[in-house]
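This report concerns only the one structure given below.
The values are calculated or read from the model by the stated rules, or taken from the named source; none is laboratory data. Owing to the predicted nature of the structure, the values given are computational and were not obtained by experimental measurement. Ideal geometry is used to build each Cβ from the backbone, glycine not excepted, and the neighbour counts take in all protein chains shown.
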Amino acid sequence: MPRLDFKTATDILTQGPSVTLARIAERFGVQLATIARARIETDNRRPPPTGWETVIAELAETHAKELEGQVAELRRLSGTLRGAKVRTKT
């Protein structure tokens with residue numbers, strides 16, 4: 001079994017796509033500016049895309065599955081991470 005090192009672990013953790021406003025816009029098939037305008041807290045904001053609740057939940061589920069895959073790969077390489085002591089600088 002390969003040994004887990006910091007670079008490998010951080011490569012695994014950062015390889016999956018994160019949920020960005022661009023990814024949200026792509027999922028809705030709209031411009032990034034449309035999503036940005038729906039998020040602002042002024043009178044000039046646009047309404048969010050129709051059905052946004054379902055789409056955001058689906059994106060969250062997809063992201064969670066991606067993260068679970070990353071955790072599984074990290075556990076496979078390190079033996080286990082669950083319950084491991086993490087040393088912090090004091």
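Brief remarks follow.
- The range 20-35 residues that are within 19 Å of HIS63 (Cα to Cα), paired with ones that are in a loop (DSSP other than H, G, I, E, B) (beta carbon under 7 Å, 6 or more apart): ARG23/PRO17; ALA25/GLN31; PHE28/PRO49
- The residue that is surrounded by the fewest Cβ atoms within 10 Å (Cβ to Cβ), counting only those in the range 1-15 that are hydrophobic (A, V, I, L, M, F, W, C) and within 14 Å of the chain's Cα centre (by Cα), is LEU13.
- Any hit, the range 43-64, residues being hydroxyl-bearing (Ser, Thr, Tyr) and at pLDDT below 90: no
- Exactly one residue among ARG37, ARG75 is surrounded by 13 or more Cβ atoms within 10 Å (Cβ to Cβ), in a helix (DSSP H, G or I) and either at pLDDT 90 or above or of a type in the set (Ser, Thr, Tyr) (or both), and that residue is ARG37.
- Only one of the numbered conditions (1) small (Gly, Ala, Ser); (2) part of a helix (DSSP H, G or I); (3) loosely packed, with under 12 Cβ neighbours inside 10 Å; (4) at pLDDT below 85 is not met by SER18, and that is (2).
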